[in-house]
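One structure below.
None of the figures in this text is laboratory data; all of them are computed from the coordinates on show. Note that the structure is a prediction, hence the values are computed from the model and not measured. All Cβ positions, even for glycine, are placed from backbone atoms using ideal geometry, and neighbour counts span all protein chains on display.
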Amino acid sequence: MAVTPPRPALDLVDLAELRRALHGAAFPARPAQLAAHARARRAGDAVVRALLALPDHPIVGPNQVCAVLGHHHGPAQTGP
């Protein structure tokens, strides 16, 4: 039986908090830029860590962030 390696707290990120943290972010953006934006919006540590854990390449929008973080429940909204 194959063992799936744990994901670094990505699935523990609250989707509503993630949406609030990304509101107003300029895309495309790299993970460090998104994390800095989230910090400025007073996002929780889990959201900031999850954004920093994204692959280091330009992210084209909030839908891509949500998809990479495992939130496949529909498109992310960038509003509050």
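Per-structure values
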quantity	calculated
Contour minus Cα-Cα distance for residue 26 and residue 67 (0.36 nm per residue)	13.0 nm
Label-point separation, residue 56 to residue 33 (7 Å along Cα→Cβ), nm	1.6
Nonlocal amide H pairs with residue 59, under 5 Å, H built at 1.01 Å	29, 30
